[in-house]
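Values quoted throughout were computed directly from the atomic coordinates according to the rules given, and no laboratory measurement underlies them. Keep in mind that what you see is a predicted model, and the values were worked out from it rather than measured. Because the Cβ atoms are built from the backbone with ideal geometry, glycine has one as well, and the counts that use them run over all protein chains shown.
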Amino acid sequence: MWFLATISIGVTYMSTGFFLFIALWTVFLISMFAIGGYFMFRKFLKRLPKEDGKSILDWQEYYISQTKHLWTPKQKEFLEELVSPVPELFRDVAREKIAGKIGELALSEKAPVMTQDLIVRGYIIATPKRDHKWLVKKLNEKQIDLSPYRSLLG
């Protein structure tokens, strides 16, 4: 008789452990789907056309394509150094966003060449405020005077 009691206790224990595993796995999967869905939804919103018929990403691609000829290899290398603190997974997105903003500035100012000033201003404008601490650190490492850009860092 005690043998049957032991088996039923063991089965109950295994069922509880298995149920706990399934519950934790379900929470994990739902969390991962929610995180992934959040980022996919953000990308979807950026692809939606605005009043002018173009999306944020369309404009970004337009500015990059219109100013591609203004970039020298040295300036491209400088941009790579500026985006180096960004985790590698997000670096391509950050590089395109920053290059798009730099291109927008260059087109609005009708710049004949890409200058370090344009690159730094575009970098500051395109970077979210929460990341300005790392931005300032990176610009200080590159020994760039930040005094002309204080209004953008505000």
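Under 11 Å from the Cβ of Lys74, count the other residues' Cβ atoms, weight Lys and Arg +1, Asp and Glu -1, and hand me the total.
-2
Could you tell me the relative contact order of segment 23-140? Use alpha-carbon pairs under 8 Å, at least six residues apart, and round to a whole percent.
Averaging sequence separation for qualifying contacts and normalising by length gives 23 percent for segment 23-140.
Note the angle between two axes, namely the Cα long axis of helix 116-126 and the longest principal axis of the Cα atoms of the chain, as a number of degrees from 0 to 90, rounded to the nearest 10.
The two axes meet at around 40 degrees.
Helix-only estimate, please: 222 nm mean residue ellipticity of the chain, summing -39500 (n - 2.57) across DSSP H runs of length 4 or more and dividing by its residues, to the nearest 500.
Details: 7 runs with 115 residues, N = 154.
For the chain, the value works out to -25000 deg cm²/dmol.
Work out how much length Lys129 to Asp92 would gain on full extension: take 0.36 nm times their residue separation and subtract the Cα-Cα distance, in nm to one decimal.
Gain in length upon complete extension: 11.4 nm.
Hey, can you rank 103-110, 66-73, 30-37 by average C-beta count inside 10 Å, highest first?
103-110, 66-73, 30-37
If you fit an axis through the alpha-carbon atoms of helix 88-108 and take the longest principal axis of the Cα set of the chain, what angle between them do you get, 0 to 90°, nearest 10?
30 degrees
Consider the candidate values (i) 0.93; (ii) 1.32; (iii) 1.09; state which one is Rg/Rh (Cα atoms, Kirkwood Rh) computed from the structure displayed.
Answer label, from the structure shown: (ii).
So between Leu45 and Gln143, what do we pick up on full extension, going 0.36 nm a residue minus the alpha carbon distance?
Here the segment from Leu45 to Gln143 would lengthen by 31.6 nm.
Past 19 Å, Cα to Cα, is the threshold; run Lys54/Lys110; Lys43/Lys76; Lys46/Lys101; Lys76/Lys97; Lys43/Lys101 against it and keep the listed order. If you can, show how the numbers build up before the last one.
Numbers: Lys54/Lys110 22 Å; Lys43/Lys76 25 Å; Lys46/Lys101 15 Å; Lys76/Lys97 14 Å; Lys43/Lys101 17 Å.
The pairs that break the limit, which is 19 Å between Cα atoms, are Lys54/Lys110; Lys43/Lys76.
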